[in-house]
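A quick write-up on the structure given underneath.
The values are calculated or read from the model by the stated rules, or taken from the named source; none is laboratory data. No experiment lies behind these values; they were computed from the predicted model shown. Positions of Cβ are backbone-derived with ideal geometry, glycine not excepted, and every protein chain shown enters the neighbour counts. Accessible surface is based on the protein model in full, side chains and every heavy atom, while ligands, DNA and RNA are left aside. Shrake-Rupley method; radii C 1.70, N 1.55, O 1.52, S 1.80 Å.
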Amino acid sequence: TLPQSAMDGTPVVALCGKVWVPGRDPKKYPVCPMCKEIYETMGAGGDKNGKDGKGGKGDGKK
């Protein structure tokens, strides 16, 4: 997670693909315009029927 990454210095990948190590104070870093655009187009999640992806069709076998 982002807070854990800030504590131990583990790199994270932003929505835009940039790899970075978050600092302990997120206020020092503005939101990337590309990440903001991607986030806004993602929607609330789930499928077109408003479900969260659980209980879909299929028998669970691979």
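If only residues of the range 5-19 that are open to solvent by 70 Å² or more (accessible area, probe 1.4 Å) and hydrophobic (A, V, I, L, M, F, W, C) are counted, the one that is farthest from C35 (Cα to Cα) is M7. Pairing each residue of the range 1-19 that is modelled with pLDDT of 80 or more with any residue that is of a type in the set (S, T, N, Q), provided the two are 6+ apart or on different chains, yields C-beta distances under 6 Å for V12/S5.
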